[in-house]
Amino acid sequence: MEESGASARAAVPRLMAAKAESGKSFSDIAAETGLTNVYVAQLMRRQAQLKPETAPALRAAVPGLTDELVEQMMRPPFRSYHPDIVHEPAIYRLNEAVMHFGESIKEIINEDFGDGIMSAIDFYCSVDKVQAADGKARVVVTFDGKYLPYTEQEPTGVSSSVKKLRGDATPQKSEHMSARAASNTS
């Protein structure tokens, strides 16, 4: 059962208190659980679902998690965000970077993979701190998403509810589709 947004928001302060009580960073917890640091943060903010096989490692890393909190974390979350979050400077700059470089990133995806997108579901994200050659700290954000190609939408192989309601056993081709098929064979 999916929880409500209010329920998720109510759990976040308790989850963050358990994290604070552990004295560990998201990266520390990630290292102990085998998850990415961003996914740990998503779990603690109720933006991701804790899988049963990961629960024991998370409980070991964050001993303050109660049975109730772990049970709640294993329910599908209500994924959302407050609209004012885009005004927070770190989030604003991250959004700005994606928007500024987005068109170029899209073009490179198209060149290297074809017409498609990066999944945000089959997706890994992490944040790392590295030291540059000049000695200054740098932020490295990694988006690692499965490539999803766009598909040409033809009625063959489609099991739509409309077709089932009509009782069609085979897809109906429109005049356009029939003309197109004929032109592809000549």
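Every number here is computed from the coordinates shown, using simple stated rules; none is lab data. Just so it is clear, the model here is predicted, and its values are computed rather than measured.
Residue-normalised convex hull volume from the C-alpha trace of the stretch 30-76: 62 Å³ per residue. For the listed residue pairs K19/K106; K24/K51; K24/K136; K19/K51; K19/K129, the alpha carbons are over 26 angstrom apart in K19/K106.
For the stretch 1-88, treating each Cα as an identical point scatterer without solvent, what Debye log10 I(q)/I(0) comes out at q = 0.12, 0.18 1/Å? So the normalised log intensities are -0.32, -0.73.
The percentage of C-alpha pairs in the stretch 54-110 whose separation is greater than 14 Å is 71%.
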